[in-house]
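Reading through the structure tokens given below for one structure.
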Amino acid sequence: MKKIVKVILWAGLVFLLVGCASNTAENIEVNDDKVPSVYSVIGEKKIVGTNSEVKNKVRMTTLTYKAGSISEKELQKYIEYLREKEGYVYTLDSKQTEEGTLIQLGKESKTKGNIVLVDFLYPAMDSESVKIMYRSGSGSLKMNE
């Protein structure tokens with residue numbers, strides 16, 4: 001009986017460490033901040049992978065969406081929503097990598113001295129998955145004037 005309880009507790013701990021995200025969650029919570037989800041802006045998309053961790057005092061949540069489920073146009077709509085309605089700014093406009101196109105948005109966190117970053121990786125090939133990473137940790141945004 002004790003062994004069964006230990007296995008159940010261990011499985012629950014692994015589930016919490018890996019993180020989970022609902023396809024229909026309205027927001028992604030990163031520390032004290034809430035970022036509107038893909039679902040709340042462009043509709044339900046199949047999440048095939050989640051990872052949530054804290055490294056060097058930075059909370060990171062990465063969502064991987066089913067290959068082909070988010071078009072480039074839909075991703076652009078989500079990015080524009082975050083910029084226009086939520087106050088995010090480009091911190092990395094567009095960078096080509098081996099994996100695809102990387103775009104990064106950021107804004108000041110609700111927590112003083114912290115920032116929230118959202119990285120978008122749009123794959124080079126349609127057969128690969130869109131990945132979106134949400135991060136929150138210490139830092140500041142410097143705006144070029």
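Got a number for residues in the stretch 69-118 being free of Cβ contacts under 8 Å to residues at least 40 places away in the same chain and touching a helix residue (DSSP H, G or I) at 6+ places or on another chain (Cβ under 8 Å)?
Number of matching residues: 7.
Can you name the condition, by its number, that residue 48 falls short on among (1) assigned to a strand (DSSP E or B); (2) modelled with pLDDT under 95; (3) not hydroxyl-bearing (Ser, Thr, Tyr)?
Among (1) assigned to a strand (DSSP E or B); (2) modelled with pLDDT under 95; (3) not hydroxyl-bearing (Ser, Thr, Tyr), residue 48 violates only (2).
Looking at 34, 95, can you tell me which residue is of a type in the set (Lys, Arg) and over 20 Å from residue 22 (Cα atoms)? Give the steps one after another, and end with the answer.
Working: 34 fails: over 20 Å from residue 22 (Cα atoms).
From the options 34, 95, the qualifying one is 95.
The values are calculated or read from the model by the stated rules, or taken from the named source; none is laboratory data. A quick note: this is a predicted structure, and the numbers were derived from the prediction, not measured. Cβ coordinates were reconstructed from backbone atoms using ideal geometry, including for glycine residues, and neighbour counts include every protein chain displayed.
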